[in-house]
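Engineer: Handing you a structure now.
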Amino acid sequence: MPYTGPVRRWDLFWADLDYPVGSEQGGDRRPVLVVSNDGINISFPVITQIPLTKLEGKTRKVYPFEILLPKEIVGTGWTSIAMPQQVRTIDKSRLLEKIGELTDPMLQSEVENRLLEHFGIAFEIEEL
């Protein structure tokens, strides 16, 4: 049954991301991190999320553009890899259960920076 409560930026959810195609992250119960802003989250039936994958038991490397989220923060019982290269907008009906919030400002900043890198967005500081 879909989650029907409020959805805010930095919330962590179990989500149904079936049916993936090719290398897309999928599964009928995958942890995701909401990254869309709260104006969008309140006004529209969709949210933008970054899927997470379990670190433990993986033989693949963690890429420099991915972010490690400690198991104590995510609420899944394992360390997770946040994959900004897999950012995706989904319908809120895919959200199943809230499992926590990413409240650490340093990790939030790291997620934002990796998203900007993924989209090729750079900010230049103007000299006065």
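Engineer: Does ILE40 fit the bill of being within 24 Å of SER109 (Cβ to Cβ) and in contact with a Pro (Cβ under 6 Å, 6 or more places away or on another chain)? Talk me through it step by step, then tell me what you get.
Structural biologist: Numbers: within 24 Å of SER109 (Cβ to Cβ): yes; in contact with a Pro (Cβ under 6 Å, 6 or more places away or on another chain): no.
Spelling it out, it is not the case that ILE40 is within 24 Å of SER109 (Cβ to Cβ) and in contact with a Pro (Cβ under 6 Å, 6 or more places away or on another chain).
Engineer: Okay, moving on. Taking the criterion of being over 23 Å from ILE121 (Cα atoms) and aromatic (Phe, Trp, Tyr), would at least one residue in region 65-81 satisfy it?
Structural biologist: yes
Engineer: Between a first residue in region 45-71 that is farther than 16 Å from LEU33 by Cβ and a second residue that is of a type in the set (Phe, Trp, Tyr) and surrounded by 12 or more Cβ atoms within 10 Å (Cβ to Cβ), which pairs have beta carbons less than 7 Å apart while being 6 or more apart in sequence or on different chains?
Structural biologist: Sorted first by the residue in region 45-71, then by its partner, the pairs are GLU56/TRP78.
Engineer: In region 97-118, how many residues are of a type in the set (A, V, I, L, M, F, W, C) and free of Cβ contacts under 8 Å to residues at least 60 places away in the same chain?
Structural biologist: Number satisfying all stated conditions: 3.
Engineer: So, in region 5-21, exactly how many residues are surrounded by fewer than 15 Cβ atoms within 10 Å (Cβ to Cβ) and modelled with pLDDT of 90 or more? Outline the logic, then answer.
Structural biologist: So the first thing to find is which residues in region 5-21 are surrounded by fewer than 15 Cβ atoms within 10 Å (Cβ to Cβ), and the list is 5-6, 18-21.
From what is left, the residues that are modelled with pLDDT of 90 or more are 5-6.
Counting residues in region 5-21 that are surrounded by fewer than 15 Cβ atoms within 10 Å (Cβ to Cβ) and modelled with pLDDT of 90 or more gives 2.
The values are calculated or read from the model by the stated rules, or taken from the named source; none is laboratory data. None of the values given here were measured: they were computed from a predicted structure. FYI the Cβ positions are ideal-geometry reconstructions off the backbone, even for glycines, and counts take in every protein chain you see.
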